[in-house]
Every structure is written in structure tokens, then in C-alpha cells.
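A short write-up of the structure that comes next.
The values are calculated or read from the model by the stated rules, or taken from the named source; none is laboratory data. Bear in mind the structure is a predicted one, so any value in this text is a computation, not a measurement. A quick note on method: Cβ atoms are made from the backbone with ideal geometry, for glycine too, and the neighbour counts reach across all protein chains shown.
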Amino acid sequence: MSFLLLILDGLGDLPVKGKTPLSAARTPNLDRLARQGIAGLFYSVSRGIVPGSDTSHLSMFGYPPEESYPGRGPLEALGVGLELKKGDIALRCNLATEKGGKLVDRRAGRIEKGADELFRSIDGMRIDGVEIIAKHSSQHRGALVLRGKGLSAKIHETDTHGLENQNFLRCTPLDRTDSALKTAQVLTKFLKRSSEILSDHPLNKGRKLPANIILTRGPGQFQPVQPIEERYGLKSASVAGGALYKGVSRYVGMETPDIAGATGTFDTDLEAKVRYASDFLQDHDFVFLHIKAIDNASHDGNFSKKCQMIGKVDKLIPKLPKEGHIAVTGDHSTPVAKRRHSSDPTPFILSGPNIRTDKTTVFSEIEAFSGGLGHFEGKHLIPMILDLLDKSHVYGA
Ligand code: ZN
Ligand code: ZN
């Protein structure tokens, strides 16, 4: 007995001329699951909350974000394959371009070639007893880890998300504690040294937009949580391309391989992901399969691309193992008209042995509204899965 949770990132939407992307897409296989199974509307965190992808996944995996959210930095760092120790400060970062003390491009022209080597050139510094680890993830992006005694994540981001920023090489503390002050000072020294190293780097010679500084955001302090197998008795595995999703999975202790070709973009290798998920379902209780590009199309406001990607996912359904349970939903809604996450619940379908069915015939936001599962929240998901897998305990006697 196994349970597959297929998450289509940002799936939920609002009607445009009477149709949502999900209701407009051709989805015969998802509709069949809806007919055979039971549907509902799903609030991954809770009503009225606009979930980030990080908090929504934590909530779905049974780790209430209000207790267990370490900030985005540690999750990204785990996602790019860095090991974290208790107390580490982790941050997301960008390679960026400055000229004459002015920030001119926050992404260094979305640098691709050589970004890996540039990150290696600033990796492994030691400043005031703090070790600093730098690792490239994709394009201009990477992760930083500060490891040492008495550090704090209460520091400002040096990336203000705009070009008006003039103090991009200076990190300031958010509170007056010694640990925040120390962390800000160490990071400032690191940013200055990095800018010297990067400015002199041969790979930056002749680049129109040299990747000569680092901007930081999403600082967080790592605290380990109880692994999902220990906490819920679920032997779990994760199949995802995007660093954040691999990071959340590793954070809760799921087996999370790096899959060649799984990129978290439109051209991700869906076949490879299905192969991994199918293999994992042989000997795991809970398998998480994540598809990101639907959210990317939503943020771009691209209705037809969102439909197209949903259609592609639909074709994968027959390739997945038939036995066991499958649930399909989103981690939140990202309406194309808004181009951002919203608090609207996502449609949810569940199919497999020993479940009731309802009158739902297609997979859509509108039909899911009157589905037999009703309207429920992320915190209900793991208990439901445990009961379906005969792993729950009677409450009382
Ligand atoms: Zn998401
Ligand atoms: Zn998003």
C-alpha cells in the first residue's frame, strides 16, 4: 500500500471568460480519477492565508509552518545539496552587476556560463571565526551558509529587489543582539571580499554585465526537525526538480535524489520523474511528485501555457502505477489574472482502494467545490493518508 501525492504547483485559478486553465485544459485522465474517486477543495495552509510554496509544502507534509518554518534560505541551501548543522545561517543569493558604486543588474544578465566557477571562487572563506560556504544553484542564483558560534538570522536582506539600492555591500542587523550584529558584520566583510574576488575574476573580463557582486535574501537559521518517518511512520520519498522543493523534502527527511533532467521548468524531463516516482512507490509508503512549470506559467499570466502544461501532466497519469492511492492538487492557487499566489483553495482529487466516491465527473475548481471531501486544510492531509494506509491509531478507545 502506498500513497502518491502529485502536486501541480500553483494549479488553482479563477475563471477567465467562464473557464479556469484547469477546466479549459484537455485532461481525460485526471477526469477519470475524479470520476473514480472523490474530490474537494484544499487550503494547503488555512483559509485566507496566501501560501508561499515553502510554507504550503511544510503544512501538507505535517509540519505546521508556524512551528517548523526555518525561512527560505535553509530550504534552498538543502535543495542545492548543502548539508546544514544546527545554528547555521543560510541565505539565498544572486550574482549581480555593479558599476561605479551603482547597482545596474540584479541578475548579472541572468548569467548562465561560468556562474558555477564564480561561486566556487568565493566558497570556503573564514571571517572572524565564521566559515562561509557558497554554492551555485541555477542561472545567477545560489545559496550561502554561515557556520560558527553566536550567529543570528535577524539581519536585513542586501537585495532590496530594486536598483535604487546603494548599500548593497552592507548588511545591517534587524535587532540589537550581539549575534545579529556579529552576523551582519561577518556578512558585510564577506560581501566586500567577494566583490574584490569577482571583479578580478578572468570569467568577468569582457562581460558586458560582469557578475561582480553578491546580493542576499531570505536569511534563516537551521534547526533540524523530527524526520517524517519517525514522526508519522511514513517511509517517504520525493521527486522534484526545483531546489526549494528538494530542500523542503530533505528538511523533513524524505529520500530526495537529484534527478538528471528534472529542472523545475517547462522542459523538465517528466518521463524521468514518473520513472523515479514509480520506483519509489514499490518500497515507500508516501511519495511526493512535484511539477513546477504550472506555477511559472501562472506568474507569467500565460493562460494557454498553463493549460498546455496541465495537459502534459495529464498524459503522465496512465504511466503511473495503478495500485495504491493517488491524490492530485496544487500547493496553492496562482491565478493567471493576478500573476501571484492567492488564498483561493485548490481543487483536490483522491482515488484508490477503500474510498467513497462522489458525483464529481471532471477535475476542476468548480466541480471540486461540491465534492465529497468538502473543504479541508493542509494539516488534515497526513492524518487522512495515515488512515488510508492503515497506519492511524484510534483516538480514545
Ligand atoms: Zn507553489
Ligand atoms: Zn509561485
All but one of (1) buried (at least 18 other Cβ atoms within 10 Å of the Cβ); (2) more than 13 Å from D9 (Cβ to Cβ) hold for K319; which doesn't? (1)
Identify, please: which residue in segment 322-341 is surrounded by fewer than 16 Cβ atoms within 10 Å (Cβ to Cβ) and modelled with pLDDT of 95 or more and is, among those, farthest from ligand 2 (Cβ to nearest atom)? A337
Hey, does segment 194-214 have a residue that's touching a Ser or Thr at 6+ places or on another chain (Cβ under 7 Å), of a type in the set (G, A, S) and part of a helix (DSSP H, G or I)? no
Just one of the numbered conditions (1) aliphatic (A, V, I, L, M); (2) assigned to a loop (DSSP other than H, G, I, E, B); (3) without any contact (Cβ under 8 Å) to a residue 24 or more places away in the chain is not true of L163; which one? (3)
Here are L82, L103, L95: which of them is in contact with a helix residue (DSSP H, G or I) (Cβ under 8 Å, 6 or more places away or on another chain) and either buried (at least 16 other Cβ atoms within 10 Å of the Cβ) or within 19 Å of A243 (Cα to Cα) (or both)? L95
Residue by residue through segment 287-305, note down the ones that are under 18 Å from the mean Cα position of the chain (by Cα) and in a helix (DSSP H, G or I). A293, I294, D295, N296, A297, S298, H299
Top-ranked residue of segment 265-286 - restricted to ones that are small (G, A, S) and either touching a residue at least 24 places away in the same chain (Cβ under 8 Å) or assigned to a strand (DSSP E or B) (or both), ranked as farthest from G62 (Cα to Cα): S278
Identity of the residue in segment 233-265, in contact with a Gly (Cβ under 6 Å, 6 or more places away or on another chain) and over 16 Å from L82 (Cβ atoms), that ends up surrounded by the fewest Cβ atoms within 10 Å (Cβ to Cβ): T263
Return a yes/no flag: does segment 205-225 have any residue that is within 19 Å of E83 (Cα to Cα) and among the aliphatic types (A, V, I, L, M). yes
Do you know which residues across segment 1-21 are modelled with pLDDT of 95 or more, more than 16 Å from ligand 2 (Cβ to nearest atom) and within 29 Å of F286 (Cβ to Cβ)? S2, F3, L4, L5, L6, T20
